[in-house]
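I have placed the structure first, in the form of structure tokens, so that the comments after it can refer back to it.
The values are calculated or read from the model by the stated rules, or taken from the named source; none is laboratory data. All of these numbers come straight from a predicted model, not from anything done at the bench. Ideal geometry is used to build each Cβ from the backbone, glycine not excepted, and the neighbour counts take in all protein chains shown. To get the accessible areas, we keep the full protein, side chains included, count just its heavy atoms, and leave off ligands, DNA and RNA. Shrake-Rupley method; radii C 1.70, N 1.55, O 1.52, S 1.80 Å.
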Amino acid sequence: MSESPEIFELDDPMVVELGRFLRRARLSNGGETGIPEGHSELLAQACLNWLNNLVFDDGEWVTRAAIEATPELGAVEVTVIGDNEAVKMRHAPTGITVVNLTHELAWAELKQKVREVGVDA
């Protein structure tokens with residue numbers, strides 16, 4: 001089983017540094033971002049965690065795959081097996097079911113199998 005990704009907290013040096021940069025980042029149109037202090041750190045934290053496959057949802061950091069699983073394919077049932085030992089996903093419209101070690105792996109496999117039967121994923 002793979003380890004959980006590192007969560008970047010607001011006081012993490014990378015978050016602080018990126019937040020400082022984002023306050024007055026130069027833009028390709030010649031302007032500047034002008035993001036207020038405090039907001040820039042929240043944006044930096046969200047960006048760094050997103051790059052680490054994490055998003056803040058319902059009061060906690062979760063993998064992006066955990067919340068990205070349903071909008072694109074419609075009804076997808078997600079079941080965690082055991083103590084986060086595996087993830088089972090079932091695409092309700094087609095009945096396709098996959099089991100894999102992580103949300104990310106299960107989601108990728110499910111999308112591929114659904115595409116193979118011709119449902120747009």
GNM top mover of THR33, THR63, THR102 - the chain, alpha-carbon springs below 10 Å: THR33
Keeping the other protein chains in place, figure out the carbon and sulfur percent of the accessible area of the chain, with a 1.4 Å probe. 52
The chain - Debye-derived log10 I(q)/I(0), Cα point model, q = 0.12, 0.21 Å⁻¹: -0.59, -1.06
List every residue whose amide H lies under 5 Å from the amide H of ILE96, counting only residues 5 or more places away in sequence or on a different chain, with H placed 1.01 Å from N in the peptide plane. HIS91
Could you give the angle, 0 to 90 degrees to the nearest 10, between helix 103-116's Cα long axis and the longest principal axis of the Cα atoms of the chain? 60
Within 10 Å, count the other beta carbons around each residue, average over each peptide in 40-48, 108-116, and list them highest first. 40-48, 108-116
Could you tell me which residue out of CYS47, PRO93, HIS103 lies farthest along the dipole of the chain toward its positive end? Charges go on the beta carbon: Lys and Arg +1, Asp and Glu -1, centred on the Cα centre. PRO93
From the helices alone, meaning DSSP H stretches of at least four residues, give me the mean residue ellipticity at 222 nm for the chain, per-run term -39500 (n - 2.57), in deg cm²/dmol to the nearest 500. -10500 deg cm²/dmol
Roughly how many debye, to the nearest 20, is the charge dipole of the chain about its Cα centre, given +1 on each Lys and Arg Cβ, -1 on each Asp and Glu Cβ, and no other charges? 540
